1. Of the residues that sit in the stretch B:65-92 and are in contact with a Cys (Cβ under 9 Å, 6 or more places away or on another chain) and among the small types (Gly, Ala, Ser), which one is surrounded by the most Cβ atoms within 10 Å (Cβ to Cβ)?
2. Identify the single condition in (1) on the phi > 0 side of the Ramachandran plot; (2) within 12 Å of another protein chain (Cβ to nearest Cβ) that residue B:77 does not satisfy, given that it satisfies every other one.
3. Among the residues in the stretch B:181-190, are any of a type in the set (D, E, K, R), surrounded by fewer than 24 Cβ atoms within 10 Å (Cβ to Cβ), modelled with pLDDT of 95 or more and within 26 Å of residue B:40 (Cα to Cα)?
4. Having 3 or more residues that are closer than 30 Å to residue A:148 by Cα is the bar; report the helices (runs of 4 or more DSSP H) wholly within the stretch A:160-264 that clear it.
5. Go through the stretch A:142-159 and report how many residues are under 17 Å from the mean Cα position of the chain (by Cα) and either closer than 20 Å to residue A:103 by Cα or not in a strand (DSSP E or B) (or both).
6. I'm told residue A:129 meets every condition in (1) under 30 Å from residue A:201 (Cβ atoms); (2) outside any loop (DSSP other than H, G, I, E, B) except one. Can you identify the failing condition by its number?
7. Out of B:62, B:16, which single residue is surrounded by 24 or more Cβ atoms within 10 Å (Cβ to Cβ), within 14 Å of another protein chain (Cβ to nearest Cβ) and over 22 Å from residue B:140 (Cβ atoms)?
8. Please enumerate the residues belonging to the stretch B:19-47 that are of a type in the set (D, E, K, R) and either in a strand (DSSP E or B) or buried (at least 24 other Cβ atoms within 10 Å of the Cβ) (or both).
Amino acid sequence: MKLDTSGLESTAPFFGSSHELNDGFSAVPSFEIPDTIDFDGFQKEAVQMVKPAKGTTTLAFIFKEGVMVAADSRASMGGYISSQSVKKIIEINPYMLGTMAGGAADCQFWHRNLGIKCRLHELANKSRISVTGASKLLANILFSYRGMGLSVGTMIAGWDETGPGLYYVDSEGGRLKGTRFSVGSGSPYAYGVLDNGYRYDMSIEEAAELARRAIYHATFRDAASGGVASVYYVGPNGWKKLSGDDVGELHYEYYPVLPSTVEQEMVEVAAA
Amino acid sequence: MTKQQANWSPYDNNGGSCVAVAGADYCVVAADTRMSSGYNILTRDYSKICKLADKCVMASSGFQADVKALQKLLAARHLIYQHQHNKQMSCPAMAQLLSNTLYYKRFFPYYSFNVLGGLDSEGKGCVFTYDAVGSYEKVGYSSQGSGSTLIMPFLDNQLKSPSPLLLPALDAVTPLSESEAVDLVKTVFASATERDIYTGDKLEIVILNAEGIRREYMELRKD
């Protein structure tokens with residue numbers, strides 16, 4: 001029986017011309033490498049020049065009813081906000097979500113690639129891929145590009161036969177199974193709120209509100225996070241988007257402006 | 001032995017700005033025609049806009065040699081698509097193709113900042129905005145290039161539409177009419193030309209709608 005070992009193949013990029021004009025989807029895209037003496041220096045320069053979009057807060061946690069996933073929607077290029085409406089929760093398939101933190105293009109491309117691999121697995125094996133398997137596929141790819149400057153900090157959240165699953169995968173090649181994660185420049189703030197309010201036996205509404213608040217607080221304090229706080233729930237029947245709220249409006253919902261009593265009122269001075 | 005430094009850079013920035021605005025049944029894509037290198041103006045009459053398909057137009061600023069290479073690649077891929085599928089590529093399909101094409105050069109990027117504008121299969125305007133390595137997003141309007149930091153806040157002020165991420169969802173397409181959108185674009189470039197040295201000379205506007213593609217030009221300050 002021929003085993004499918006494409007996931008184990010060395011995915012190091014090939015030297016020489018890429019075959020983009022070829023038909024069909026090859027197992028792994030091959031990348032052109034610049035012909036420089038100092039690869040790392042060139043990559044650093046290219047990144048500074050090109051300023052790929054990044055900056056973010058994302059979080060996900062497992063609780064009694066399933067997995068809750070939330071993220072902001074701001075992308076910054078240096079100090080410029082390049083977008084306030086980036087989709088950072090990526091729908092890999094109807095029962096698995098991925099979050100985006102780090103380089104926007106890196107996350108978008110590799111999540112799309114992961115979605116394709118998951119679908120191929122389904123077709124080849126006549127059953128859905130597990131969260132463990134999907135996260136391992138992604139982690140192996142990212143590990144093979146370790147040191148080349150990819151910036152990906154993602155969480156794979158889903159529901160498979162073993163129940164709810166949550167993995168953290170990053171571009172250093174790390175892969176961690178866990179029940180509570182937050183990734184991105186705003187993650188310290190999100191962790192503060194999340195860790196404080198977390199209980200395993202929350203209802204879906206309570207968990208969604210906790211996730212929303214954690215993202216809101218992160219966008220409040222982190223300059224690189226903002227936009228719209230999206231909250232998704234992954235249950236036994238797949239994922240469902242629960243809410244998308246502008247964090248500016250959430251602020252006034254949580255902290256409404258109250259008319260306050262004045263002690264001394266300033267009076268307009270008549271013009272001389 | 002001290003580390004060897006490169007004595008040349010494969011990149012240059014030819015400046016310029018691009019804008020695209022999507023409407024209910026039209027799309028406006030515009031760019032100035034100045035091409036510069038450092039403080040020199042190389043030409044006042046260079047088009048940054050390229051028609052990729054019948055309903056799909058791309059405007060790119062940055063390093064025009066990389067832009068030219070990118071346009072050629074996309075045109076070739078589109079031709080293959082037409083041979084294989086016997087139809088033109090839709091704008092959303094071209095948008096993803098551009099994203100993948102940019103990402104394939106992730107380790108030696110195209111120094112090209114693109115906006116893609118066109119009509120989707122229902123005839124509604126759509127605009128896609130990119131960063132240099134392929135991350136993309138469908139938006140109601142966008143600007144890229146040296147004048148984008150001047151242009152974008154103004155477009156936000158005039159056209160800011162509800163985010164597509166909001167739930168319940170609200171429509172993102174601008175409520176302006178086609179002629180209002182064209183006037184807005186002319187105003188925007190006139191302003192950007194005042195404060196950005198790399199933007200000016202002439203404005204090229206491409207308007208896509210159900211009738212087809214139309215081109216308009218407007219003179220800008222040449223200083």
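The values are calculated or read from the model by the stated rules, or taken from the named source; none is laboratory data. Model, not experiment: these values are computed from the prediction. Cβ: placed from backbone, ideal geometry, glycine included. Neighbour counts: every protein chain shown.
1. B:90
2. Checking residue B:77 against (1) on the phi > 0 side of the Ramachandran plot; (2) within 12 Å of another protein chain (Cβ to nearest Cβ), the one that fails is (1).
3. We begin by selecting, within the stretch B:181-190, every residue of a type in the set (D, E, K, R); these are B:183, B:186.
Those still in the list that are surrounded by fewer than 24 Cβ atoms within 10 Å (Cβ to Cβ) too: B:183, B:186.
With the extra rule that they be modelled with pLDDT of 95 or more, the set shrinks to B:183, B:186.
In the following step, the residues that additionally are within 26 Å of residue B:40 (Cα to Cα) were identified as B:186.
Yes, the stretch B:181-190 has at least one match.
4. Numbers: elements: A:187-197, A:204-221, A:247-254.
Hits in the stretch A:160-264: A:187-197.
5. Counting residues in the stretch A:142-159 that are under 17 Å from the mean Cα position of the chain (by Cα) and either closer than 20 Å to residue A:103 by Cα or not in a strand (DSSP E or B) (or both) gives 9.
6. (2) is the only condition that residue A:129 fails.
7. Numbers: B:16 fails: within 14 Å of another protein chain (Cβ to nearest Cβ).
Checking each option against the conditions leaves just B:62.
8. First, the residues of the stretch B:19-47 that are of a type in the set (D, E, K, R): B:25, B:32, B:34, B:44-45.
Matches in the stretch B:19-47: B:32, B:34.
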